[in-house]
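Asker: One structure follows; several queries about it will come next.
The values are calculated or read from the model by the stated rules, or taken from the named source; none is laboratory data. Because the structure is a prediction, the values reported are computed rather than measured. Glycine also receives a Cβ, built like all others from the backbone with ideal geometry; neighbour counts cover every protein chain displayed.
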Amino acid sequence: MKKLFKSFLFTIGLQIFATPIVFAQDLLAAQSPLDRQMELVDSIALRDMLLNEENMFPADGLYESWKNDKVRFNAELPDSFRVDLRGFVMPTTNTKITDVFGYRRRRGRVHNGIDVKVQKGDTIYSAFDGKVRITAYQRRGYGHYIVIRHNNGLETVYAHLSKKFVVEDQNVKAGTPIGLGGNTGRSTGAHLHFETLLAGKNINPALIFDFERQDVTGDFYTYRKGVYQEIDKKTGKIIESAEPLYHKVRKGESLSVIARKCGVSVNTLYKLNKMNSRSVIRPGQRIRYR
């Protein structure tokens, strides 16, 4: 009888002491999904906070400040900088290039972008996510124009617009309509003048955008200081060489004088500038010597 009674008490004791353990396990099991939900909320909040910070100061690792006054925002250029081109949208669906990037002898100056033929009223789009830095008007220059700083470090310029849809300090997504094509400012016909800059340095947009194919040249573009990059017309690939150097012609200088000053031959100047012995130079003209 005593053995039976002890056995009964032992069984009851097990049930009494086991109950809190099972209850605690149930609580932990119930709490686990809640913890996961809180982690998710924290992750979303952190992501939103980072996105807001990125939108407030796009590419702040490259640019130390934010100003709305000058197109070329000079910042210290790193020796190498990788630009993420994924998530792009072409600024226009038009494909005809009417003028390319580079020095123009007939103008005596550098053309800092490319010109794409558009009709007045054609929609122009933001190329990447970013923030509008400038919307302004130049009667003898860009006409109505927009400058956007992008999260990938690039800044893009859209000029000669007939209308602007965005304002300064506005956040935009890739593909946001920002204006309409036009013929304002110093322009002889409706077109989009499009520039790409990195820390104030103009980069040939053709190294990044292929308007004819309506695509970018790759997932990434890498800028290298002191290196001249151009598109090989046969292969379509980027080729690199030493960055070109120029001499500004002064009054009374001849090609032989310039060659001596720059430490090159006259034939080198002929070749680099597509000149010959009958070519005439004028003060203010830029002569490439490397």
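Asker: Just one of 166, 157 is surrounded by fewer than 20 Cβ atoms within 10 Å (Cβ to Cβ) and aliphatic (A, V, I, L, M); which is it?
Answerer: 166
Asker: Can you say whether residue 239 is loosely packed, with under 14 Cβ neighbours inside 10 Å and in a strand (DSSP E or B), as far as the supplied structure shows?
Answerer: yes
Asker: Has the stretch 220-230 got any residue that is part of a loop (DSSP other than H, G, I, E, B), assigned by TED's automatic domain parsing to the domain that holds residue 174 and under 21 Å from residue 97 (Cα atoms)?
Answerer: Among the residues of the stretch 220-230, not one is part of a loop (DSSP other than H, G, I, E, B), assigned by TED's automatic domain parsing to the domain that holds residue 174 and under 21 Å from residue 97 (Cα atoms), which makes the answer no.
Asker: Right, next: Any chance you could count how many residues in the stretch 255-285 are over 38 Å from the mean Cα position of the chain (by Cα), assigned to a loop (DSSP other than H, G, I, E, B) and surrounded by fewer than 12 Cβ atoms within 10 Å (Cβ to Cβ)?
Answerer: Total meeting the criteria: 4.
Asker: Right, another one. Which ones in the stretch 239-270 are of a type in the set (D, E, K, R) and at pLDDT 90 or above?
Answerer: Matches in the stretch 239-270: 248, 250, 251, 253, 260, 261.
Asker: Going through 34, 46 one at a time, which residue ends up being part of a helix (DSSP H, G or I), surrounded by fewer than 10 Cβ atoms within 10 Å (Cβ to Cβ) and modelled with pLDDT under 90?
Answerer: On inspection, the qualifying residue turns out to be 34.
Asker: Then there's this: Spot the failing condition for residue 141; the list is (1) touching a Lys or Arg at 6+ places or on another chain (Cβ under 8 Å); (2) crowded, with 22+ Cβ neighbours inside 10 Å, and only one is missed.
Answerer: Against the list (1) touching a Lys or Arg at 6+ places or on another chain (Cβ under 8 Å); (2) crowded, with 22+ Cβ neighbours inside 10 Å, residue 141 comes up short only on (2).
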